[in-house]
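S.K.: First the structure, then my questions, so here it is.
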Amino acid sequence: MTSVNEQSNILYPMKAACMLSGLPADTLRAWEKRYRAVEPQRVNRRRLYSQADVNRLKLLKWAVDHGHRIGHVANKSADQLLELQGSLPHTQGLGSRTPDHVHRIIEKIKEYSLEADIELSKLATMMAPRPFVFEVVVPMMQEIGRLWEKKELSIAHEHLTTAAVRNILAVLLRAYGLNNQGPAIIFCTPPGEEHELGILIAAMIASIHGFKVLYFGVNLPLEDVAQTAKATQALAVVVAMNHKIPDDELKEQVRHLRALLPYHTHLVIGGSQSSLIQVTSTPAISVAPSFEVFDGLMHAFKRNLGVFPSM
Ligand code: B12
């Protein structure tokens, strides 16, 4: 795993920088030597790339892939490189593109190749947990969902991906969460909700923030959720709701769970159905339709609690 905790301090070895930027090592060396496109740090003659270096390499690769000569773009600022993307109205900018390393994994999945699993594990070991979640797992699952809907992937493909992501996130949750000092947060889906990856990713995000994650998977009876919250004095219970059920059934499930939970335990509803829930301030219910909103919520919990160590 990456040895440095803070995202801003992450340093990637050359192999990781190549994988994340999609550039072969020879190209990377040539761009550095001839054009000083990036200037990585060197420790014991090994190149180490910062997150900013990697971001810059991605922008340069995009520019070259879209017809710009490297000699013309190598010394442009990040803003100027981004402007180049805006000047090509019929192409998609980097921000909206699925990253290349995600495409590589998806190609392996399409071939039913075990290498998908291996590639995912490699990225997990080379990257810090936050970029791994937000730059690999989330865009990959969204792309898989899109392809599945377009019938370009089969149920077997989906199962293969779900198993690979579940395995890797379960390992990371254990590896990173062991020393977390924050209060406990419970993660599960209510009875009847089988979609697991959203709640698993949310659990990983909470773990990155330093909370003690108690992960119970899918289909947990509401009475058990409440009992566990009491027993562990959980700060919050996070449940995911993604497939459509009748509105009144959804609201009744949330109302029932809220009534069962201790007054001081926050209830967070995540997933696509969460936007249908009316938010009340007392006792607390929060909704998090996306991981970005959930991440913000974790920040807010931490602000209210004071500082504790996080990844
Ligand atoms: C994989 C999958 C399954 C697998 C799940 C396997 C597993 N172990 O998780 C299986 C085959 C079991 C399944 C079953 C069903 N599925 Co399904 N499934 C999908 C699929 C392809 C991917 C879902 C996924 O994992 N996405 C990855 C996550 C990370 O992304 P996401 O779901 O888009 O979630 C986003 C947000 O909602 C949010 N989020 C999600 N969960 C959480 C949780 C928290 C805490 C937070 C903060 C945020 C958050 O973050 C994501 C980022 O935007 C989607 C299609 C798609 N395009 O997504 C359909 C989809 C979710 N399924 C759907 C349906 C209808 C079903 C079934 C009813 C199908 C059926 N007829 O049997 C059943 C219902 C099962 C049940 N009772 O829960 C619909 C839901 C539409 C709706 N609102 O009803 C979708 C959208 C497909 C579609 N367009 O029809 N499914």
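The values are calculated or read from the model by the stated rules, or taken from the named source; none is laboratory data. Please read these numbers as outputs of a predicted model, since none were measured by experiment. Here the Cβ positions follow ideal geometry from the backbone for every residue, glycine too, while neighbour counts run over all protein chains shown.
S.K.: Which condition number does Ser207 fail, the rest of (1) in contact (Cβ under 8 Å) with a residue 60 or more places away in the chain; (2) of a type in the set (Ser, Thr, Tyr); (3) surrounded by fewer than 15 Cβ atoms within 10 Å (Cβ to Cβ) being met?
M.R.: (3)
So that you can scan it fast, the table gives a plain yes or no per residue for (1) assigned to a helix (DSSP H, G or I); (2) modelled with pLDDT under 90:
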{"residue": "Met1", "(1), (2)": "no, yes"}
{"residue": "Ala16", "(1), (2)": "yes, yes"}
{"residue": "Leu28", "(1), (2)": "yes, no"}
{"residue": "Lys33", "(1), (2)": "yes, no"}
{"residue": "Lys61", "(1), (2)": "yes, yes"}
{"residue": "Gly71", "(1), (2)": "yes, no"}
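S.K.: Quick one: Glu193 ticks every box in (1) more than 9 Å from the ligand (Cβ to nearest atom); (2) buried (at least 22 other Cβ atoms within 10 Å of the Cβ); (3) charged (D, E, K, R) bar one, so which box is it?
M.R.: (1)
S.K.: Which of the following residues is β-branched (Val, Ile, Thr), more than 8 Å from the ligand (Cβ to nearest atom) and touching a strand residue (DSSP E or B) at 6+ places or on another chain (Cβ under 9 Å): Ile186, Ile199, Ile109?
M.R.: Values: Ile199 fails: more than 8 Å from the ligand (Cβ to nearest atom); Ile109 fails: touching a strand residue (DSSP E or B) at 6+ places or on another chain (Cβ under 9 Å).
Just one listed residue meets the conditions, Ile186.
S.K.: Given the options Gly217, Gly145, Gly198, name the one that is of a type in the set (Gly, Ala, Ser) and not assigned by TED's automatic domain parsing to the domain that holds His299. Give the derivation first.
M.R.: Working: Gly217 fails: not assigned by TED's automatic domain parsing to the domain that holds His299; Gly198 fails: not assigned by TED's automatic domain parsing to the domain that holds His299.
On inspection, the qualifying residue turns out to be Gly145.
S.K.: Check Ala184, Ala170, Ala124, Ala128 and return the single one that is in the same structural domain as Phe211 (by TED's automatic domain parsing) and within 29 Å of Phe301 (Cβ to Cβ). Before you say what the answer is, go through the steps one by one.
M.R.: Working: Ala170 fails: in the same structural domain as Phe211 (by TED's automatic domain parsing); Ala124 fails: in the same structural domain as Phe211 (by TED's automatic domain parsing); Ala128 fails: in the same structural domain as Phe211 (by TED's automatic domain parsing).
On inspection, the qualifying residue turns out to be Ala184.
S.K.: Restricting to segment 35-59, count the residues that are among the acidic types (Asp, Glu) and part of a loop (DSSP other than H, G, I, E, B). First the steps, then the outcome.
M.R.: Of the residues in segment 35-59, the ones among the acidic types (Asp, Glu) are 39, 53.
Next cut, part of a loop (DSSP other than H, G, I, E, B) only: 39.
Count: 1.
S.K.: Report, by residue number, each residue of segment 127-170 that is over 15 Å from the mean Cα position of the chain (by Cα), in a helix (DSSP H, G or I) and aliphatic (A, V, I, L, M).
M.R.: The answer is Leu147, Ile155, Ala156, Leu160, Ala163.
S.K.: Of everything in segment 213-252, what is within 13 Å of the ligand (Cβ to nearest atom) and more than 12 Å from Cys188 (Cα to Cα)? Give them in sequence order.
M.R.: Asn242, His243, Lys244, Ile245, Pro246, Asp247, Glu249, Leu250
S.K.: Could you list, ordered by first residue, the pairs with Cβ atoms under 8 Å in which the first is in segment 137-157 and under 22 Å from Leu20 (Cα atoms) and near the ligand (Cβ under 8 Å from one of its atoms) and the second is assigned to a loop (DSSP other than H, G, I, E, B) and among the hydrophobic types (A, V, I, L, M, F, W, C), at least 6 apart or interchain?
M.R.: So the pair list comes out as Ile144/Leu153.
S.K.: Consider only pairs whose beta carbons are under 8 Å apart and that are at least six residues apart or on different chains; among these, list those whose first residue lies in segment 180-200 and is aromatic (Phe, Trp, Tyr) and whose second residue is more than 11 Å from the ligand (Cβ to nearest atom).
M.R.: Every condition considered, the pairs that remain are Phe187/Val213; Phe187/Leu214; Phe187/Tyr215; Phe187/Phe216.
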